[in-house]
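Right, one structure below, let's go through it.
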Amino acid sequence: MTDLVAGRNMRTVKVQINPELCQGHGRCYDLAPGLFRDDDEGYGQVRSDGTVPLEAERDARLAALNCPERAVELLEEG
Amino acid sequence: MAAAADDRFNLQALQAGEEELVGTRSEIITGPVADWATDFSHLEPEWSADPYPIQDDLRQRCPIAHTERFGGAWLPTRYEDVAAIAYDTDRFSSRSIILSNFRPPRELAPIGGSPPISSDPPFHHDARKLLLPAFTKKTVERQEAATRAFCHSLIDSFEGREVVDAAHDYAQHIPVRVIADMLGFPPEDGPQFRAFVEDLLEGINLPPDERIERVSRLFDYLLTQVHDHLDRPRDDLTTYLINAELYGRKLDPSVVTGAMALLLIAGIDTSWSAIGASLWHLAKTPADRERLVAEPGLLPTAMEEFLRAYAPVTMARLVKQDMRWHGVDMKAEDWILLSFPAANRDPAQFDQAADVVIDREVNRHAAFGLGIHRCVGSHLARMELRLALEVWLDRIPAFTLDDPGGVTWSAGQIRGPRTLPLRIG
């Protein structure tokens with residue numbers, strides 16, 4: 001999994017959840033509780049503005065790769 | 001509102017509400033399968049014993065298999081086809097999600113007999129919304145301490161025994177206890193729940209009259225519980241459903257009891273199967289067992305792999321209209337056996353699909369379904385499975401299959417061990 005965090009220099013990584021796709025499986029808030037939380041019905045929510053700190057990038061990718069609905073998206077900028 | 005004013009559940013009111021709807025019955029066909037591509041049956045012993053080689057074979061040579069049994073049914077085995085059907089609620093109805101020889105009347109849609117699992121849009125969303133808050137990760141965490149203590153008490157009861165039946169003496173008791181607590185049913189009624197589950201999920205090929213008789217036993221029981229809760233309201237799901245409102249009024253009695261039936265039935269067999277299958281795997285795979293004992297932190301990851309490889313739940317759908325679909329000619333009212341277990345072993349979706357890899361980090365499995373019908377109890381199921389395995393591995397780190405030939409599996413759409421003799425001494 002080292003390739004998942006390699007090569008980050010000046011980039012910013014953000015996460016977002018597509019609410020049209022999310023069905024509340026909760027894999028994102030299970031795997032990356034620092035980045036995601038659930039709402040009162042169990043649907044995933046992004047904490048704060050979705051910016052992923054460097055040390056949480058691996059968790060963010062795991063959350064995206066494990067979402068059964070492919071609702072978690074990673075946006076790389078810069 | 002005073003309980004006495006709630007007369008929705010009086011016998012007279014219930015009878016008046018019963019509509020004259022008739023479904024369709026098909027001929028009951030049993031016996032050995034001639035060719036799995038053209039005559040499949042998930043109720044035959046070969047499937048219960050080991051469905052994976054059958055599914056793997058079909059995926060290669062006939063990815064959407066057919067059978068004339070049950071009045072006509074299709075079995076897709078590729079992940080992409082299973083997902084497409086799960087997402088396509090326009091063409092595939094959830095009006096009945098247990099494949100049998102009886103198709104409930106079309107007028108039953110979009111509510112179905114056990115909402116929201118049996119519901120289609122738009123009713124589905126509203127009925128599901130009622131249940132979601134009761135099953136979030138945070139809500140089910142409140143059951144954790146009691147569940148853990150209960151798992152310990154089951155293992156305490158093994159004192160002095162060298163062989164235990166992990167399916168019968170351990171796995172099955174855990175979800176029964178949890179769901180009885182949540183619905184507010186007497187814990188001593190547990191053995192009855194297990195009979196209800198067998199009646200509904202395994203009695204598929206029984207004569208219609210006997211099947212109706214068995215289903216009405218369940219609903220009689222649920223009505224008794226409703227009346228008990230009307231007399232003595234308390235903080236549980238039954239009272240919650242009795243008081244819940246949809247579209248500005250209280251729920252129809254059939255929706256209340258249908259939802260209760262769903263929670264009772266769907267909450268038991270499924271978790272029981274997942275816990276049992278995981279223990280079965282660990283009993284026959286010492287390397288995985290030893291690694292999990294040494295690295296308890298790996299359990300959440302390993303658990304997802306058990307859910308992928310031994311997904312207990314297969315659903316059903318009904319085709320809404322005649323159509324050509326992914327290369328086959330489907331007819332209105334054909335069943336779809338929607339096998340999430342088969343999808344979970346599709347090599348096009350998973351590396352080493354046939355192997356159990358307990359540290360598989362990327363695991364986009366469909367054990368809890370896909371789309372709008374994602375298992376509403378998935379957070380509860382994961383909590384039960386995690387605690388059941390955690391407590392077992394902590395208390396009984398060394399165990400093996402006592403009699404591999406003596407392991408039996410349930411028949412039908414929920415698959416898991418029903419006899420699992422383990423040597424623990």
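Residue pairs whose Cβ atoms lie under 9 Å apart, sitting 6 or more positions apart in sequence or on different chains, and linking a residue in region A:34-57 that is within 14 Å of chain B (Cβ to nearest Cβ) to a partner that is aliphatic (A, V, I, L, M) and in a loop (DSSP other than H, G, I, E, B), are A:42/B:376; A:44/A:71.
Only a single item in (1) more than 22 Å from residue B:139 (Cβ to Cβ); (2) touching a strand residue (DSSP E or B) at 6+ places or on another chain (Cβ under 7 Å); (3) of a type in the set (Ser, Thr, Tyr) is not met by residue B:224, and it is number (2). Taking the criterion of being away from chain A (no Cβ under 12 Å) and open to solvent by less than 10 Å² (accessible area, probe 1.4 Å), the only residue of region B:354-377 that qualifies is B:358.
Scanning region B:30-79 for residues that are within 24 Å of the chain's Cα centre (by Cα), over 24 Å from residue B:354 (Cα atoms) and modelled with pLDDT under 95 yields one hit, B:30. In region A:59-78, the qualifying residues are those that are surrounded by fewer than 17 Cβ atoms within 10 Å (Cβ to Cβ) and not in a loop (DSSP other than H, G, I, E, B), and the one that is farthest from the other protein chains (Cβ to nearest Cβ) is A:77.
Do we have residue B:275 as closer than 20 Å to residue B:310 by Cα, surrounded by fewer than 24 Cβ atoms within 10 Å (Cβ to Cβ) and within 19 Å of the chain's Cα centre (by Cα) here? No; evaluated as a whole, the condition is false for this residue.
Residues considered: B:407, B:319, B:391. Of these, the only one that is in contact (Cβ under 8 Å) with a residue 24 or more places away in the chain, open to solvent by less than 10 Å² (accessible area, probe 1.4 Å) and within 22 Å of residue B:165 (Cβ to Cβ) is B:391. Looking only at region B:226-239, residues that are buried (at least 19 other Cβ atoms within 10 Å of the Cβ) and out of contact with any Gly (no Cβ under 6 Å at 6 or more places or on another chain) come to 4 in all.
Would you confirm, using the coordinates I've provided, whether residue B:222 is crowded, with 16+ Cβ neighbours inside 10 Å, touching a residue at least 60 places away in the same chain (Cβ under 8 Å) and in a helix (DSSP H, G or I)?
no
Listed by first and then second residue, the pairs linking a residue in region B:352-375 that is within 17 Å of residue B:94 (Cα to Cα) to a residue that is outside any loop (DSSP other than H, G, I, E, B) and open to solvent by 30 Å² or more (accessible area, probe 1.4 Å), with Cβ atoms under 6 Å apart and 6 or more places separating them unless they lie on different chains, are B:371/B:87.
On the stretch given as region B:142-162, residues that are open to solvent by 50 Å² or more (accessible area, probe 1.4 Å) and in contact (Cβ under 8 Å) with a residue 12 or more places away in the chain total 6. Tell me, which helices (runs of 4 or more DSSP H) wholly within region B:225-343 include 2 or more residues that are within 30 Å of residue B:401 (Cβ to Cβ)? Correct list: B:253-284, B:286-294, B:299-309, B:340-343.
The values are calculated or read from the model by the stated rules, or taken from the named source; none is laboratory data. In this text, all values refer to a predicted model and were calculated from it rather than measured experimentally. Ideal geometry is used to build each Cβ from the backbone, glycine not excepted, and the neighbour counts take in all protein chains shown. Accessible surface is based on the protein model in full, side chains and every heavy atom, while ligands, DNA and RNA are left aside. Shrake-Rupley method; radii C 1.70, N 1.55, O 1.52, S 1.80 Å.
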